[in-house]
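Structure first, commentary second.
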């Protein structure tokens, strides 16, 4: 059973935040997340890290400025997840506003796999571009970059993934995690890296005197999506002279979405990017695609939160890359036509419903297979089923990782006797480094791999699955111990009854929460005063704590609770018939007398 562990709350940090005007609940929550000075909570654009220390940002800006002036054709090579889609939209929108001739291509994950492969280079060559610009990929594309160079195309790489032992021979690489990069914001998402390149490019074009205060030139319109392909870019691009200076803040809604959806660590720099993007969305200044995705998800843009981006908008955008073609998702983010955006968003919503159904079936299948083994005997789980869908194995791995608190890699059949694997890991095991160790000890076992500490992808031969599972388990057993595998639920402790208020819930909703800066949850004892099933599978509750009655809901559970419970919960704003009220969302619970915790997500 998981152990409830209250976070440490330094008293001095709490006092400092109280002295600077923060409410008691927020002061405790921020102090528990390592905030020791109120300046760390500054989310104004003035606090954004400058691009100067981002290795090669100025060089790429110079090369892009030259390319725009020479009217060279740039083709963006995108990735098929939400970070890649938003990074592509930022690149296309941003560079067109600077006068570039630009279009994009995104690999279909089922035909070409990930990144700038030689096959994608040949596909791109049919467009006759002068420059290939990768977004959210490319740092591991040694062979693809070599093939592009052979065919006479320059390659500019923008990426944030961890590099391998060899860097590609690209004309320029911008990646905060490449060797020799002193940029402090190592956790930028791919979309954040591309945004920083645009900041550097704007500075370069300013220095060249390109912008005119009297100019009213508008960028070319985005070609409409045409059932699987895009209309070609305009034949005539602008040379980048006499332009009105673009407002790059107009791209921050996309930056916020990609940053949250990619589950990168929300350090202060990323929190600034996300908060600024959220402010644009709440003010009604988001792009048509994000507004449409919020609308099909029945979310009010004026009250959108970081959790809404992560759990409602991101999955709908990701559904295109998981089940169909991410060109559809990118087209949604590029169009300025409201009706077109709504039409595409409806398709993405339908794909997401299909994805959820496939995922549920795969999870049932995986859990049935695990009934034959005891996961507690393993330090890791590697699973394969010939019926599993390539596009959903990452979500399956994440669900199983959460359930069993072990690193999990789920495999699906690819082509030519290969399996594609997607892994998710726990805090004690750096997944990419673990795969690197497997590869070094068994050089022929992994065909290719890449990723981060918490998530990674790989390819193996189907005939090698058993050998890989054994090798991965061996490495995991060396890197993890029993303490790493113990499930813990971190909370912000008990919340005084005065803190259980609609005002506090609203305050929390306004903040940026995510990876490395988790949304607050609390734990306390409650008496269950009333309970009833709603929607056939959820439990609506009325709880009593210290004489205060509170409404609550327990999702995915329809069996009666005992009269006294200890619960982990979060505050939420419940809206019904235009009226707002406080509601607790029960995350985990146990009978008050029992020592074990029961988890209900």
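Read-outs: derived from the displayed coordinates by stated rules, not from any lab. Keep in mind that this is a model prediction, so the values were computed, not measured. Neighbour counts are summed over all protein chains in view; Cβ atoms, including those assigned to glycine, are modelled from backbone coordinates with ideal geometry.
Numbers at a glance
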{"quantity": "Debye log10 I(q)/I(0) at q = 0.10, 0.18, 0.19 Å⁻¹ for the range 489-599, Cα point scatterers", "calculated": "-0.28, -0.93, -1.04"}
{"quantity": "Mean separation of Cα contacts under 8 Å, 6 or more apart, over the residue count of the range 1-97: relative contact order %", "calculated": "16"}
{"quantity": "Sequence of 257, 48, 458 once ranked by neighbouring C-beta atoms within 10 Å, starting from the fewest", "calculated": "48, 458, 257"}
{"quantity": "Degrees between helix 82-97 axis and first principal axis of the chain (Cα, 0 to 90, nearest 10)", "calculated": "40"}
{"quantity": "Computed E for residue 24/residue 150 - FRET, C-beta separation, R0 56 angstrom, nearest 0.05", "calculated": "0.30"}
{"quantity": "Computed E for residue 303/residue 501 - FRET, C-beta separation, R0 22 angstrom, nearest 0.05", "calculated": "0.80"}
{"quantity": "Kirkwood hydrodynamic radius (C-alpha pairs) into Stokes-Einstein, the range 373-485, 37 °C and 0.692 mPa s, D in µm²/s", "calculated": "241"}
{"quantity": "Förster radius 45 Å - calculated FRET efficiency between residue 532 and residue 40 (Cβ-Cβ, nearest 0.05)", "calculated": "0.55"}
{"quantity": "Order of 88, 287, 332, 181 under a 10 Å beta carbon neighbour criterion, fewest first", "calculated": "181, 287, 332, 88"}
{"quantity": "Between helix 268-282 and the chain: long-axis angle, C-alpha atoms, 0 to 90°, nearest 10", "calculated": "90"}
{"quantity": "Net lengthening on full extension, residue 579/residue 130 (0.36 nm per residue, minus Cα-Cα)", "calculated": "156.0 nm"}
{"quantity": "DSSP bridge orientation in the chain - percent antiparallel, rounded to nearest 5", "calculated": "65"}
{"quantity": "Kirkwood Rh in Å, taken over all unlike Cα pairs in the range 532-579", "calculated": "12.1"}
{"quantity": "Cα pair distances of the range 1-116 binned at 10 Å [whole percent]", "calculated": "11, 22, 21, 19, 20, 7, 0"}
{"quantity": "Inverse mean reciprocal Cα-Cα distance (Kirkwood Rh) of the range 90-156, Å", "calculated": "12.3"}
{"quantity": "Over the range 285-340, relative contact order from alpha-carbon pairs under 8 Å, at least 6 apart, %", "calculated": "50"}
{"quantity": "On Cα atoms only, tilt of 252-261 relative to the major axis of the chain in degrees", "calculated": "50"}
{"quantity": "Point-to-point label distance, residue 8-residue 453, nm (Cα→Cβ direction, 7 Å offset)", "calculated": "1.7"}
{"quantity": "Mean separation of Cα contacts under 8 Å (6+ apart) over length of the chain, as relative contact order %", "calculated": "12"}
{"quantity": "Cα-projected label distance for residue 169 with residue 346, points at 7 Å along beta-carbon direction, nm", "calculated": "5.1"}
{"quantity": "Full-stretch length increase - residue 119, residue 466 - with 0.36 nm per residue and alpha-carbon distance subtracted", "calculated": "122.0 nm"}
{"quantity": "Footprinting exposure proxy for 62, 441, 202 (fewest neighbouring C-beta atoms within 10 Å first)", "calculated": "441, 62, 202"}
{"quantity": "Separation of the residue 111 and residue 186 label points, Cα + 7 Å toward Cβ, nm", "calculated": "3.8"}
{"quantity": "Debye log10 I(q)/I(0) for the range 51-250, one point scatterer per Cα, at q = 0.08, 0.18, 0.19 Å⁻¹", "calculated": "-0.24, -1.27, -1.42"}
{"quantity": "Largest-first ellipsoid semi-axes for the chain, taking √(5λ) over the Cα gyration tensor eigenvalues, angstrom", "calculated": "40, 30, 23"}
{"quantity": "Compactness of the range 286-326, expressed as Rg and Dmax over alpha-carbon positions, Å", "calculated": "10.2, 31"}
{"quantity": "Kirkwood-type radius of the range 67-186, with distances r between different C-alpha atoms, in Å", "calculated": "14.3"}
